[in-house]
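Structure, as structure tokens:
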Amino acid sequence: MELRPGIGAVVTGGASGLGEATARALAARGVKVAIFDMRKERGEKIAAEIGGVFCEVNVTQDDSVVEGFRKARAAHGQERILVNCAGIANAMKTAGRDKKTGEIRHFPAEEFNRVVQINLVGTFRCIAFGAAGMLTLEPLPGGERGAVVNTASVAAQDGQIGQAAYSASKAGIAGMTLTIARDLSQEGIRVNTILPGIFDTPLLAAAPDHVKQALGAMVPFPPRLGSPPEFAALALMMLENGYMNGECVRLDGGIRMAPR
């Protein structure tokens, strides 16, 4: 798909990190971007900077997502692009002992479900509503109506200790990519997924510099954290390359995560 001025896009999680970088990269190409996020003040600031629109959206709620798409389409028309970056992370062993008290604890099922609802079900919900809208569009030359890029994680394949919920949610995104691409293939909508490694995002913002340097040194090459614009560059390539469909691509500097 040619990323020409005037095309509409929705970026979930677009108020920070990978989503913000992607929203800015799309806007720099003239794409009209709607940011879906829970962080209203930050989202409105970025939307104003890129000439887009902010939609306060909770991806775990149908009504909120429907209203977000309604607002985005009222401002920019029916989008042809959806980039899903909204997500959270947590860390807790499935079961273990408290190091100080020796008390046995387990990962609460409700917390596991919260991560899955936001990362996996939230991504699917946005794809389903977004694709339904794209079906109303006339196809572009070549038959394409739209394109979707999702965000999984290398944790989908190399989950570390304490990442059961996060890994499961991201593996689910990777696992449904080809199936959804096949679901939408006859309608001319492509679906691909990026599996980022260790990136310099707000999730690491509170970490001391020496911790970030140590994490970056784990990467074979280049020995550093990934930058959000590098993620955005791959997302834009997936959107533009009309023959890329149903793929999950690692973007990780060649790292394979150790158990901890």
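Below are the figures for this structure:
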quantity	calculated
Residue match in region 12-19 (condition: assigned to a helix (DSSP H, G or I), closer than 26 Å to Y166 by Cα, out of contact with any Asp or Glu (no Cβ under 8 Å at 6 or more places or on another chain) and not hydrophobic (A, V, I, L, M, F, W, C))	yes
Test for E230: is it touching a strand residue (DSSP E or B) at 6+ places or on another chain (Cβ under 8 Å), within 30 Å of P141 (Cα to Cα) and surrounded by 14 or more Cβ atoms within 10 Å (Cβ to Cβ)	yes
Number of the condition not met by A75 [criteria: (1) farther than 11 Å from G14 by Cα; (2) touching a residue at least 12 places away in the same chain (Cβ under 8 Å); (3) part of a loop (DSSP other than H, G, I, E, B)]	(3)
So T179, is it within 21 Å of the chain's Cα centre (by Cα) and exposed (fewer than 14 other Cβ atoms within 10 Å of the Cβ)	yes
Criterion (among the basic types (K, R), in contact (Cβ under 8 Å) with a residue 60 or more places away in the chain and in contact with an Asp or Glu (Cβ under 6 Å, 6 or more places away or on another chain)) met by exactly one of R250, R260, R256, R182	R256
Of residues in region 20-58 being out of contact with any helix residue (DSSP H, G or I) (no Cβ under 7 Å at 6 or more places or on another chain) and in a loop (DSSP other than H, G, I, E, B), the one surrounded by the most Cβ atoms within 10 Å (Cβ to Cβ)	V31
Residues located in region 89-119, provided they are among the basic types (K, R) and touching a strand residue (DSSP E or B) at 6+ places or on another chain (Cβ under 9 Å)	K93, R97, R105
Test: residue in region 110-133 that is touching a residue at least 12 places away in the same chain (Cβ under 8 Å), exposed (fewer than 15 other Cβ atoms within 10 Å of the Cβ) and assigned to a loop (DSSP other than H, G, I, E, B)	no
For G17: the one exception among (1) within 14 Å of G130 (Cβ to Cβ); (2) touching a Phe, Trp or Tyr at 6+ places or on another chain (Cβ under 9 Å)	(1)
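Rundown of residues vs (1) assigned to a helix (DSSP H, G or I); (2) modelled with pLDDT under 95, yes/no style:
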site	(1), (2)
I161	no, yes
Y166	yes, no
M176	yes, no
A181	yes, no
T193	no, no
V211	yes, yes
A214	yes, yes
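The values are calculated or read from the model by the stated rules, or taken from the named source; none is laboratory data. Predicted model only: the values in this text are computed from it and were never measured. Cβ atoms come from the backbone with ideal geometry, glycine included; neighbour counts cover every protein chain shown.
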